[in-house]
Structure formats: structure tokens, C-alpha cells
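Below: the structure, in C-alpha cells.
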Amino acid sequence: MITPSASTLGAPGIPLAVVLGWLHRNRIHGIELRLAANEIADPAMNLPDREALRKRIAAAGVRVTGIASYVKVAAPGDDDAVIAELIQALDLARDLGAPAVRVFPGAETEPCAFTQAPRMVERREDVDRRAARRLSAVSPYAAALGVLPVLETHDSHPTGKDIAAILQDVDGPVGAVWDLMHPWRVGEGLQETWSALAPWLTAGNGSVQVKDADMPRSSVPVLVGTGSLPTEEFAQLLVRNGYQGPVTLEWEKAWYPQVEDLDVALGSVRTWLDRHWEKDIN
């Protein structure tokens, strides 16, 4: 079974009650909570506030599918600072009942076009080793909490192959997030991405994110099915391979405030979901 989900990145400044109402109306049963100041999941929340948030979401019949952190595990700098930031996110995820914490690679790259694979400032081997080392360091703690760190196809490591190169060297449980746009925009085919990330996605260790845009002309979000991203082929591949897990709409209204509200975007993803998973939705 898949779990339809949506990120609160698509609802900046919107009260939780409104977001939950939008999810209910569109039969979306999961929520990915963006970890950001003054948003629904604020890193500064105390324990009673976390408990209250968890109960409100559960009472609405919605499952927290993950915490979207901004920890950059491949970024240069001190290991201890990155590990401490990740541990804070893992603690919050545990308190909110989330099974996973999304992290970014975040290594330094040279300037390039959005449709080009980025080149590292440092040696790729050193960058990948650093990311794997940090994820390995938190793995025992994360496992004890029952929360999985999951690394997204993003920024310095946009492809499935990039992410797999890090994950395969992590000592302990870890997972992957496949953001549809990023591997595709730099030329990695859907089957290539799936093949690279299948060891984690088929084991239930991760999730997938769907979005659409008029690429390569623009990265501004458009309703699912109205842009140039291969959303139909993406769904067909997931169905064909028996993917089970969260399918999350990442509607980037926080970065593109001019786009429609999340409730409109949810309608488009609901249509897309029904077309492909009518009888296999949790």
C-alpha cells in the first residue's frame, strides 16, 4: 500500500487546522512536516507543544510520514556540529511520531545551470566519505529512537546514483528520498534512478516525492500532470515495481509564493493518484 502525503512546504504560514482540512478534503492521509522556525513544526517547540501537535494530527486521522530537515550531511565543516543538528531533528521526529528525517547532501559545488549535473569543489570521494561517516555516527542513536535518516536526491547529489554511492557505505540503517525532479533534470532516467535506490525503497526505507514544472524553461511548480516532468511514467514505474510507502506532494509554495495554494495542488495530485493507485492506497 502507498500512503498519499503532502509536505507543509506547500503551506507556509497556514494554520494546522486549515492544512488538515485540505488533506481531508483531498483524501490525503499523510503529512511531511517541514522543520522551520515559525512553521507548524518549529525546531524550538518544547516537549508539551510537540505532544500536542502529534495528538492533533493523529486525531485528524493523518499520519506523519516524515520530518523535512535542512541538515546537510555532506557539507564542509565540523562533524560534531552536523551530527548535533541531526540528533536534534531525530529527537523531534521521535516526539512527533515520524518514522524518518529527511536530510540533504549539501556539498559545495561550482556554479552551473539547473539542468546540468553539478561539479564538486572538493573531491567527490572525500565528500561522499564525509556524508557516510556522519550518517554512520548517528545510526545507533536513530535506530534506538526508531527514526530513520533518509537522504534526498538534491543539490550536490541530484541523482539516484549519487545518493546510492553514499548510502552503500553507511554503517547502519539509513534510507533514501527520490525527488522526481532532480535526477530527471540532470539527465538520469527514471529506471536508472529506481535501480540505484531500489535497495532502500523496496525495503521500506524511504519515500518518493512528486511534483511538476515546465522544465527546462522554468522550475516554478505547476499542477501535477500539466508540466513536462514524466509524472505518468513515474507512477507507472512505481506501480510496476510494487513500491509501497509514502508518495509525497512537494508543492514549493514557500519558495514560489505566486503559485496556487496547496489545496489546489492537492486536487491535481489526488487525480493523479486515483488514476494509478485507485485500489492500492492506504
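The alpha carbons of the stretch 92-238 occupy a box of 44, 35, 27 Å along the principal axes, longest dimension given first.
Which shape class, rounded, prolate or oblate, goes with the stretch 153-194 when its Cα gyration tensor gives a ≥ b ≥ c as root eigenvalues, a/c under 1.5 marks rounded, and past that a/b bigger than b/c marks prolate? Before the final figure, lay out each step's value.
Numbers: a/c = 2.24, a/b = 2.00, b/c = 1.12.
Prolate is the answer for the stretch 153-194, as a/c is 1.5 or above and a/b outweighs b/c.
Among Val18, Val224, Val174, determine the one that fluctuates most according to a GNM of the chain built with springs between C-alpha atoms less than 10 Å apart. Most flexible of the set in this elastic network: Val18. Remark: relative contact order (the stretch 101-222) = 25 percent; criterion is Cα-Cα distance under 8 angstrom and separation of 6 or more residues.
Looking at the stretch 86-135, which trypsin sites (Lys or Arg not before Pro) are in a loop (DSSP not H, G, I, E or B) and have at most 11 other Cβ atoms within 10 Å?
Arg119, Arg123
Loop-located trypsin sites (Lys or Arg not before Pro) in the stretch 178-237 (DSSP state other than H, G, I, E, B) with a sparse environment of at most 16 neighbouring Cβ atoms within 10 Å: Arg217. In the elastic network of the chain, a GNM with C-alpha springs shorter than 10 Å, the most mobile of Lys161, Lys253, Lys55 is Lys55.
How much length, in nm to one decimal, is gained on full extension between Val18 and Asp78, taken as 0.36 nm per residue of separation minus their Cα-Cα distance? Spell out each step's value before the answer.
Working: separation 60, 0.36 × 60 = 21.60 nm, distance 3.99 nm.
Once the chain is fully extended between Val18 and Asp78, it gains 17.6 nm.
When averaged across all projection directions, what area in nm² does the alpha-carbon convex hull of the chain cover?
Numbers: hull surface 53.5 nm².
Orientation-averaged projected area of the Cα hull: 13.4 nm².
Charge tally around Pro118: other residues with Cβ under 10 Å, Lys/Arg +1 each, Asp/Glu -1 each, net -3. Run through the DSSP bridge list for the chain and note the antiparallel percent, rounded to the nearest 5. So the antiparallel bridges amount to about 10 percent of the total.
Taken together, the values in this text are just the output of simple stated rules run on the coordinates, not laboratory data. Keep in mind the model is a prediction, meaning the values are calculated, not measured. Reconstructed Cβ throughout: ideal geometry from the backbone, glycine too, with neighbour counts over all protein chains shown.
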